[in-house]
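Below is one structure; the comments refer to it alone.
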Amino acid sequence: MAITGRFVLLAFAALAALLLIPAWGTVLLAAAALLALVLGDVLMAASPAKIALQRKDPRNVTLHADTESVLTLENRNRRTFRAMVRDAWQPSAGAVAPVQRLKIPAGERRRMSVVLKPTRRGDLAAPHVTLRSFGPLGLAARQRTVVLPGRLRVLPPFNSKRHLPSKLRKLRELDGKAAVQIRGAGTEFDSLRDYVRGDDVRSIDWRATARRTAVVVRTWRPERDRRVVIMLDTSRTAAARIDDEPRLDTGIEAALLLAVLAERGGDRVDFFAFDRRVRGRVDSAAKGNLLGSLVQAMAPLGAELIEMDWAAIPAQVRAISAHRSLVVLLTSLDSGAPEEGLIPLVAQLVRQHTVLLGSVRDPLLGRMKKERTTASQVFRASAAERALLDREAVSAQLRQLGAEVVDAEPLELPPLLADAYIRLKAAGRL
Amino acid sequence: MTADVQAARWSLRLRAWSRRHMAWIIIGTIVAALGVVTVAQSPSNPDTASLSAGNAAPDGAMAAAEILRRQGVTVTPSDSFAATTSLLAGKPRATVLVYDRNGYLDSAQLHTLQKSAGRLVVVAPGYRTLAGLSRQIRNAGVVPNGTSTLEAGCGQTDATVAGRISVKGALLYKGADVTCYRPSNNDGGVYAASADGRLVILGSTALLSNDLLQVEGNAALALRTLGPTQDLVWYLPGLSDVPNDGRPPTLDELAPPWVGFLGLWVAVVALLAVLWRGRRLGPLVFEPLPVVVKAVETAEGRARLYQDSRAVGQAADNLRAGTLTRLAKHFRLGPEAPANAVLEAVSRKVNHPARELRMVLLDHRPRTESELVHWAQRIETLEQEATAP
């Protein structure tokens, strides 16, 4: 039950009658007339209970793109349904016109579409739909809220894909070059081709040259079908905001770029998100589009406010790949006591695998370090210096163990991590 | 059968509604109960008028009235002129106590009172009241500051028997025949009476009030003045006694008849507007908000710790270590490079003797915050010079 602005105006207009004949009788008469009008209008309104609702879930969408949620309403009353319909999406779904006026003649159906411009990654929900059915006079309405869950999955934006072309070019340049630098195990003979100026003379295949008139060189190609295992940390440290973006989202960007690059490089990519248990997982054995299944797995991830279980990671990696692989850990270097968690883990992993560690550094620390005008600023600079030194110490310790460390600011991390991968591949260390 | 089902459905709905709004029902009940208790507990119309016969507060006069009652005097309180005159019609010899603090009574009413009463005792009358009562008795100022008691000093029996009374802040009156309790150098007194004793003026409210009744001879004077007759009418004039002819019309009479309805109806429309705007289109949808953790929070916390404990030395060590590490990296000396090697590299770059640089970079230990700020800026400049291309 609800009244409308028209009814309030009507009540206000009744004041004129009251001014002309100021008596209690007029008051009662006006009140009775208004009451009768409201009740009559409510009784004449189409019942919202007899509206059949159907929701078509919007398609998956990347962050900051548009999509459309469609509701179908069927009027099973014997009266025309004049209504205000609200498709109740949660605020971050960014519904443009969630409340719309509809007029559906008896027995017909209408579609109501709501444009969504989501502002958050993840699964966004619309728990219910509210119908407000007005009477023919438009004075009062019947209202009903129908539970009709809808869901919109907003995928990570993959902004770092703009780095992809340049990194792919770099990767292609590896073909035929890698072997020149490192002769030995792990490189594969590819083919023979004519010598062109600039080729390393050490790669000339004299046997083949003798059979022909032109000089022939051997080309090599980098190893293929290596395994890359990406671990994304979703523990409490991933919730920290750096440059107005959670550390987790930066990690997702980096993981996407690396995974796509490694797939194009012919390697097999496995992904898992972990804190104390596996939050998301993509298998290299699965068929289909890797990028698609990755974004699907990453979309609902959120930072959990619990401590990382470092000791459980080796078992997870072993379950994914029994062979030597490149294990990429996307985590943070300043998570409490790295001596107790991260460093023993890396020490254990490097025995069997190549370990690449990616971590987001806060650009604010660099700015804090440079401001030295007042005493409190100098103390802040000193504290920032200490934090950076501590990170540096942990990175040095990890490098000493044989792991690769990429510690970079949010925008830099994905390309630098990709570079590290290309470097490792060129060096035949996968 | 269908009626049963319908009834069951309605009762179910009612139960669901009451369960959903249980919090509001409980809050409403509590508020209503509190309201009832407050109304029930508030004392019903307490008597707070000063010198009232029913007021037990310090400025009341319940004590004097009670004593008179026990002595056999019939004390009848009255708060309106009409009641007083009708009382007096039955008891023509009664004494009337009048305490008209705000001067409500006009001269005609005072004359009527004077005519119908056996005796009239007036407490602290103002100029207008006194003028309406008698031409013989005049106002004569107030008791001078510093005089707190006075002796009777006259031949009036009541006054001489009562003796000394407290007169602080009392008004003075000069009677043609009887004037008692005169301060020195003044011809007015606190007690004045007409020659026949039918009009008595008491200049002090303290003579009757509960808190000062027992002081000096106050009680004796008050009781003797009020007690000689069988009946005493205790009359405190109120606002209703003001003669109301010729007064300006009230707002109510001036307004046209529809104004009352206008207010009522506008209130109703306002309520309807509230209902119209206040009705929500379905329940709110929740947004699970993420935790916001600033990543530099730990560094900032540490900075505050340094500052609160004035850890100047520690702060300087951090800055020094950071600078040396970056310089070592810039000159590609390796992470384990000794400080002296860094120093030499810097001195070669900036063309400064290594000993001077050593003073700045390694040996200086700032002791105060201002020294620290100064030194921090200095090594930053030095670092910029050394790493400049």
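Among the listed pairs A:167/B:349; A:117/A:170; A:170/A:370; A:370/B:349, a Cα-Cα separation exceeding 26 Å is found for A:167/B:349; A:117/A:170; A:170/A:370. Each residue of region B:252-268 was assigned a 3J(HN,Hα) from its phi angle through the Karplus expression (A = 6.51, B = -1.76, C = 1.60, θ = phi - 60°), giving 4, 6, 6, 5, x, x, 7, 4, x, 5, 4, x, 4, 6, 4, 4, 4 Hz with x at Gly and Pro. As a proxy for reagent exposure, A:320, A:306 were ordered by neighbouring Cβ count within 10 angstrom, fewest first; the result is A:306, A:320. Ignoring lysines fewer than eight residues from residue A:103 along the same chain, the ones with Cα atoms less than 25 angstrom from its Cα are A:50, A:56. For chain A, the longest principal axis of the Cα atoms and the long axis of helix A:5-20 meet at an angle of about 30 degrees. Taking B:20, B:355, B:135 in turn, the Gaussian network model of chain B (Cα-Cα springs below 10 Å) assigns the largest fluctuation to B:355. Residue exposure proxy: B:235, B:127, ordered by other Cβ atoms within 10 angstrom of their Cβ from fewest to most, comes out as B:127, B:235. Once backbone amide H atoms are built at 1.01 Å from N, residue A:150 has A:126 as its partners under 5 Å, excluding neighbours fewer than 5 places away on the same chain. Mean sequence separation of contacting Cα pairs (under 8 Å, at least six apart), scaled by the length of chain B, corresponds to a relative contact order of 14 percent.
When only C-alpha pairs under 8 Å and at least 6 residues apart count, what is the relative contact order of region A:330-430, in percent? Answer for region A:330-430 is 35 percent.
For chain A, the Cβ-based charge dipole about the Cα centre amounts to some 1580 debye (Lys, Arg positive; Asp, Glu negative; other atoms uncharged).
Each residue in A:21, A:204, A:313 was given a count of other beta-carbon atoms within 10 angstrom of its own, and listing them fewest first yields A:21, A:204, A:313.
Shape class for region A:383-426, computed from the alpha carbon gyration tensor (a ≥ b ≥ c): oblate, with a/c not under 1.5 and a/b at or below b/c.
Between rounded, prolate and oblate, where does the protein assembly as shown land on the alpha carbon gyration tensor, with a ≥ b ≥ c its root eigenvalues, rounded for a/c under 1.5, else prolate if a/b exceeds b/c? Oblate shape, in that a/c is at least 1.5 and b/c is the bigger or equal ratio. Per residue, the average separation of C-alpha pairs within less than 8 Å and at least 6 apart gives region B:119-196 a relative contact order of 30 percent. 3J(HN,Hα) along region A:138-144: x, 9, 8, 9, 9, 10, 8 Hz, from the Karplus curve 6.51 cos²θ - 1.76 cosθ + 1.60 with θ = phi - 60°, whole Hz, x for Gly and Pro. The angle separating the long axis of helix A:24-44 from the principal Cα axis of greatest extent in chain A is about 50 degrees. Of all lysines in the structure, those lying under 19 Å Cα to Cα from residue A:369, and not within fewer than 8 positions of it along the same chain, are B:294, B:329.
Note on residue B:91: lysines with a C-alpha under 18 Å away, same-chain residues under 8 apart excluded, are B:115. The long axis of helix B:312-330 is offset from the longest Cα principal axis of chain B by roughly 30 degrees.
Values in this text are rule-based calculations from the coordinates and carry no lab data. Fair warning: this is a prediction, and the values are worked out from it, not measured in the lab. Methodologically, a virtual Cβ is constructed for each residue, glycine included, from the backbone with ideal geometry; neighbour enumeration extends over all protein chains shown.
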